[in-house]
Structures are given as structure tokens and as C-alpha cells.
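Shown next, in C-alpha cells, is the structure this report addresses.
The values are calculated or read from the model by the stated rules, or taken from the named source; none is laboratory data. Treat the numbers as computed from the prediction; the structure is a model and nothing was measured. Heads up, the Cβs are rebuilt from the backbone with ideal geometry, glycines too, and the neighbour counts pull from every protein chain shown.
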Amino acid sequence: MSCILYFDGACRGNPGPMGIGIVLLENGKKVKEVSKRLGKGTNNIAEWSALIEGLKLAKAYGCKVLEVRGDSQLIIRQITGRYMVKSENLIPLFNEAKKLCCNFEKIGFKWIKREGNTDTDALSNSALDMKVELSIKK
């Protein structure tokens, strides 16, 4: 089964509350999406967390061939080995993502412009907004 995974992470403040957005497509049709709020961290942690959660989702869905698309040029270049991960706090996230990549027969990564990733951007920000709205209502 061939799938496309879009991912994005958002952070309000840096560090600050984080949110992730994930969209999984099979044959061009949306099959799953995730909007999830995480604890506090940096934008890079949010991006790596979104990638990891997306890879887990694709594995659980049964994808064998996966194309991963994200608008974080840094994450795409790090996961493909073009750039090294130098931050000590990001190395465990990188290692986890690399390990998850082994679950697919074929996997590729593609950087896309922010305009091509609007669904996941909206999902990651929605996760942050929802928590804010809930805390206001209390």
C-alpha cells in the first residue's frame, strides 16, 4: 500500500506549548488526520514529534511505501542525512524517527513550501487554539 504523509509542528513561543498536525493519504484520499497538543518545547521538537507520530500512524495503517512531505527544510535535510543533528535534545527524536523509517519497504522525504502544507499547519495550530479556548472556559 502506497501512502503520502504530511506533517507539521507548531509552537507558541519558543519554547512554549506545542501542537502537531498530520495528514495521511492513500491513493490521493485522506484516510487519517491528527491534531494533537503536546507539552512545552521548541518548534524543532514539535516538528520532530509530528514526524514521529506520523510515521507511527502510517505504520499502524499498514503503509508499505511512504512519501513523507513537510515544510520544515531543516527536518527534511536532517532525516535524509544532508544535515547533522547537533542539538543534544533532538538526537533521541532523530534516532526514533530513523528507527521508525525501517518499518517501510520504501520511504522518501520531500520538502514542500508552506503553502503546500496548509492542512497540517491548520491542524497543529488548531490543537494549540483548542487548549487555549478550553482554559478560558474554566
Residue match in the range 82-90 (condition: crowded, with 16+ Cβ neighbours inside 10 Å, more than 18 Å from Ile20 (Cα to Cα) and modelled with pLDDT of 95 or more): yes
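Filter the helices (runs of 4 or more DSSP H) completely within the range 1-107 down to those with at least 1 residues that are closer than 14 Å to Asn125 by Cβ, polar (S, T, N, Q) and touching a Cys at 6+ places or on another chain (Cβ under 9 Å). It would help to see each step written out before you state the result.
Working: elements: 43-61, 73-79, 91-101.
Hits in the range 1-107: 43-61.
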Where a residue in the range 81-107 is among the acidic types (Asp, Glu) and its partner, wherever it lies, is modelled with pLDDT under 95 and part of a loop (DSSP other than H, G, I, E, B), with Cβ under 8 Å and at least six apart: none
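What do you reckon, is Asn117 part of a helix (DSSP H, G or I) and within 27 Å of Gly13 (Cα to Cα)?
Details: part of a helix (DSSP H, G or I): yes; within 27 Å of Gly13 (Cα to Cα): yes.
It is true that Asn117 is part of a helix (DSSP H, G or I) and within 27 Å of Gly13 (Cα to Cα).
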Options Asn103, Asn117; residue that is farther than 12 Å from Leu5 by Cβ and not β-branched (Val, Ile, Thr): Asn103
All positions within the range 46-75 that are of a type in the set (Val, Ile, Thr), in contact with a Leu (Cβ under 9 Å, 6 or more places away or on another chain) and either free of Cβ contacts under 8 Å to residues at least 40 places away in the same chain or surrounded by fewer than 22 Cβ atoms within 10 Å (Cβ to Cβ) (or both): Ile52, Ile75
Only one of Ile112, Ile79 that is touching a Lys or Arg at 6+ places or on another chain (Cβ under 8 Å), crowded, with 18+ Cβ neighbours inside 10 Å and not aromatic (Phe, Trp, Tyr): Ile79
